[in-house]
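The values are calculated or read from the model by the stated rules, or taken from the named source; none is laboratory data. From a predicted model like this one, the values you see are computed outputs, not experimental measurements. Neighbour counts are summed over all protein chains in view; Cβ atoms, including those assigned to glycine, are modelled from backbone coordinates with ideal geometry. Note: areas computed on protein heavy atoms with side chains; ligands, DNA, RNA excluded. Shrake-Rupley method; radii C 1.70, N 1.55, O 1.52, S 1.80 Å.
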Amino acid sequence: MQDDMVLTIHQVAMFITSDNTVIAFFEQSADDVELPILERLTSSTTILRQSCDASMVAQAIIDAIIDMAIPVTACYADVVGDLEVDVLTHPNIKHTKSLYVIISEINKMYSFVAPIQALINSLRDHKTKLSGEQVSRELQNPHSSVIISPMTDTYLGDVYDHCVLI
């Protein structure tokens, strides 16, 4: 990336419990991820609030994390594009170093996105076969297991598509 830019990566741990609760720990980026989700939860008109579904909250957290990565990929695309122009118009040995650094950074970013794709696939593999009404009942049952609802599965597919774009 350009000399005046810094890329930071923060750890997140998230649990979906059998009593339909999400517990998430953020190394440093909690405000960036949680505040927009909390706003959606305070509005009674949002799907996130109406669903009363912990798997939807988990999906919203994953989606927010991936949404924060998309502008970073656009920045890398701009840097690579500028470097391509420089290589074609004014070839210089410094371009080789810049290209190596950029490729290393892109590979590192990919190594952080790939596990998120695996997580999404794992969650989608555990979606319930229950109908919408049955899911609602089971989400209210404190003795049921963790449920990945069909609606969450659909939204996770969208998040997965965003991961592929990265």
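Structure values in brief
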{"quantity": "Condition met for Glu138 (in contact with a Ser or Thr (Cβ under 6 Å, 6 or more places away or on another chain), free of Cβ contacts under 8 Å to residues at least 60 places away in the same chain and farther than 24 Å from Gln11 by Cα)", "calculated": "yes"}
{"quantity": "Residues of segment 144-156 satisfying the condition of being of a type outside the set (Gly, Ala, Ser) and touching a residue at least 24 places away in the same chain (Cβ under 8 Å)", "calculated": "Val146, Ile147, Ile148, Met151, Thr152, Asp153, Tyr155, Leu156"}
{"quantity": "Scan of segment 116-133 for residues that are under 17 Å from Val57 (Cβ atoms), open to solvent by less than 30 Å² (accessible area, probe 1.4 Å) and under 11 Å from the mean Cα position of the chain (by Cα), ordered by number", "calculated": "Ile120"}
{"quantity": "Odd one out for Ala114, checked against (1) touching a helix residue (DSSP H, G or I) at 6+ places or on another chain (Cβ under 8 Å); (2) modelled with pLDDT of 90 or more", "calculated": "(1)"}
{"quantity": "Tally of residues being at pLDDT 90 or above, within 20 Å of Ala69 (Cβ to Cβ) and in contact with a helix residue (DSSP H, G or I) (Cβ under 7 Å, 6 or more places away or on another chain) across segment 1-31", "calculated": "4"}
{"quantity": "Residue that is most open to solvent (accessible area, probe 1.4 Å), among those in segment 134-165 that are acidic (Asp, Glu) and farther than 20 Å from Asp19 by Cβ", "calculated": "Asp161"}
